[in-house]
């Protein structure tokens, strides 16, 4: 008789991995590590008498062969650890190890076994993250992959007997999931990642992002809204960050950040596009001299623009500098407004209000950015009123504005205006990594590992700020970047970009 237990879960999941991961012992270990503290490299638990018990492959073999039940302490780990933290592990470690063509097979196989398992009553609650009973599962054909796999894993660990129906469990071989391939078109999967986006209007920024920045890690937040939380690193110049490469990328984009699409089009028509950066730099310096721009955070504002355009694929509507070009007719607290058009479970459009801070201390940057995001939330009607104004219409060529108007001011009776979302850029000083006695490769590896720990460590703190400021219902797009010395570097980089000081060598 078919039976859901830890062993059958492990074997089904292993049968759906890429070939290099298709080993029962090692993949069982990988799944079990999800119950440990974040960052654990091996599975262990604390016994009732206080001893630390570590598992080896013979232990994992007994689990996936249904030779023994898990200790009570391990079952409690599944029940007491935050389910969203386990889900984050699944998103970053387990799901990437699955073969793309077999993800649906895993869901179908688990669903089939649960429905055929007579030990599970129809009213049994299977979900720790999302509410799901066996009865509801019978007619369920749409699944958030990370939620479903996490929920069933927690249930199998904490609520099932792993020693009964051992013959069935051991009958699940590495080709088991292939039997479900003919049925994959009967279900739909959604994965909790950043939304798949399509630019509704052309992006303005230029250059290849990946020649300047390296993506290091992404994390999942315990909020219901769509979000993206990623940490990046500048390319290296031996033991240093390549600030020269960053400076060139900023120089190539500053004109597109400063000026409206209508003015950029005018530069192109007059064959003056080569003067765009020169004029933009002069314009910013003039605004700063007149006190129309507050100084100190210009680098963060410019980087937020680049990240929202080149990572999130959300084109700029207007930058903070553009707001200042209208003689105070319109003021904004946002450092930039962008438009996101996304494919998701339900496709959506969002107006993204931006905030950015670069601070030596990462938590201080988080504090400032979220405090400012709350200010934007409180005056979002004023911020959004701009996109319905004549100033906004005058900033775009007619053909682009017509595209925008259909999105921002829809005429269809059943169409909704774009929801409000928030974009945050967080710059901080890298700490905890010394280059002393290390090769270049070893040092760069250590930096990347430190950044993974930096973002992982801040997830609970970011989530606390989301709740503190009532932002849990909004979509948040958060991008982090370390500097050697954030306070000094942000000044030097902008001095060089604006040709207003010693700058960087």
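Taking the options 419, 393, name whichever one is at pLDDT 75 or above, over 18 Å from the mean Cα position of the chain (by Cα) and over 26 Å from residue 298 (Cβ atoms). Step through it out loud before you land on a result.
Details: 393 fails: at pLDDT 75 or above.
Just one listed residue meets the conditions, 419.
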Original post:
Out of region 183-202, which residues are part of a helix (DSSP H, G or I) and exposed (fewer than 15 other Cβ atoms within 10 Å of the Cβ)?
Top reply: 183, 185, 186
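Given the structure, is residue 249 over 17 Å from residue 479 (Cα atoms), part of a helix (DSSP H, G or I), more than 29 Å from the chain's Cα centre (by Cα) and in the same structural domain as residue 492 (by TED's automatic domain parsing)? Let's see the steps before the verdict.
Details: over 17 Å from residue 479 (Cα atoms): yes; part of a helix (DSSP H, G or I): yes; more than 29 Å from the chain's Cα centre (by Cα): no; in the same structural domain as residue 492 (by TED's automatic domain parsing): yes.
For residue 249, the condition - over 17 Å from residue 479 (Cα atoms), part of a helix (DSSP H, G or I), more than 29 Å from the chain's Cα centre (by Cα) and in the same structural domain as residue 492 (by TED's automatic domain parsing) - is not met.
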Subject >> Extreme residue, surrounded by the fewest Cβ atoms within 10 Å (Cβ to Cβ), among residues of region 203-229 that are modelled with pLDDT of 90 or more and part of a loop (DSSP other than H, G, I, E, B) >> reply: 208
**OP:** List the number of the failed condition for residue 61; all other conditions in (1) in contact with a helix residue (DSSP H, G or I) (Cβ under 6 Å, 6 or more places away or on another chain); (2) under 15 Å from residue 153 (Cα atoms); (3) in a helix (DSSP H, G or I) hold.
**Re:** (2)
Subject >> Flag if residue 387 is modelled with pLDDT of 75 or more, assigned to a helix (DSSP H, G or I) and more than 21 Å from the chain's Cα centre (by Cα) >> reply: no
Original post:
Checking residue 481 against (1) modelled with pLDDT of 90 or more; (2) closer than 28 Å to residue 369 by Cα; (3) surrounded by fewer than 21 Cβ atoms within 10 Å (Cβ to Cβ), which test does it fail?
Top reply: (3)
Original post:
Yes or no: residue 173 in contact (Cβ under 8 Å) with a residue 40 or more places away in the chain, outside any helix (DSSP H, G or I) and within 27 Å of residue 18 (Cα to Cα)?
Top reply: yes
Subject >> Search result, residues across region 146-182 that are surrounded by fewer than 20 Cβ atoms within 10 Å (Cβ to Cβ), more than 27 Å from residue 68 (Cα to Cα) and within 32 Å of the chain's Cα centre (by Cα) >> reply: 178, 181
Original post:
Is it true that some residue in region 367-381 is modelled with pLDDT under 80 and not in a helix (DSSP H, G or I)?
Top reply: no
Original post:
Which pairs do you get when a residue that is outside the structural domain of residue 449 (by TED's automatic domain parsing) and within 16 Å of residue 86 (Cα to Cα), found in region 212-229, comes within reach of a residue that is modelled with pLDDT of 85 or more and surrounded by fewer than 18 Cβ atoms within 10 Å (Cβ to Cβ), reach meaning Cβ atoms under 7 angstrom, with the pair 6+ apart or on two chains?
Top reply: none
**OP:** Evaluate the following for residue 112: is it surrounded by fewer than 20 Cβ atoms within 10 Å (Cβ to Cβ) and either assigned to a loop (DSSP other than H, G, I, E, B) or not assigned by TED's automatic domain parsing to the domain that holds residue 36 (or both)?
**Re:** no
Original post:
Has region 230-237 got at least one residue that is farther than 30 Å from residue 474 by Cα and part of a strand (DSSP E or B)?
Top reply: yes
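Hey, among 471, 430, which residue is free of Cβ contacts under 8 Å to residues at least 60 places away in the same chain, under 24 Å from the mean Cα position of the chain (by Cα) and buried (at least 18 other Cβ atoms within 10 Å of the Cβ)? If you could, list the steps in order and put the result at the bottom.
Working: 471 fails: free of Cβ contacts under 8 Å to residues at least 60 places away in the same chain.
The unique qualifying residue is 430.
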**OP:** Residues being surrounded by 15 or more Cβ atoms within 10 Å (Cβ to Cβ), in contact with a helix residue (DSSP H, G or I) (Cβ under 6 Å, 6 or more places away or on another chain) and within 24 Å of residue 89 (Cα to Cα): count how many of those fall in region 115-136.
**Re:** 4
Original post:
Given the structure, is residue 33 touching a helix residue (DSSP H, G or I) at 6+ places or on another chain (Cβ under 7 Å) and within 18 Å of residue 13 (Cβ to Cβ)?
Top reply: no
**OP:** Among the candidates 78, 83, single out the residue that is under 26 Å from the mean Cα position of the chain (by Cα), buried (at least 16 other Cβ atoms within 10 Å of the Cβ), under 26 Å from residue 105 (Cβ atoms) and at pLDDT below 90.
**Re:** 83
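The rows are residues; the columns are (1) on the phi < 0 side of the Ramachandran plot; (2) at pLDDT below 75; (3) surrounded by fewer than 24 Cβ atoms within 10 Å (Cβ to Cβ).
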{"position": "293", "(1), (2), (3)": "yes, yes, yes"}
{"position": "297", "(1), (2), (3)": "yes, no, yes"}
{"position": "300", "(1), (2), (3)": "yes, no, no"}
{"position": "310", "(1), (2), (3)": "yes, no, yes"}
{"position": "322", "(1), (2), (3)": "yes, no, yes"}
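The values are calculated or read from the model by the stated rules, or taken from the named source; none is laboratory data. From a predicted model like this one, the values you see are computed outputs, not experimental measurements. Here Cβ is always computed from backbone atoms with ideal geometry, including for glycine, and neighbour counts include all displayed protein chains.
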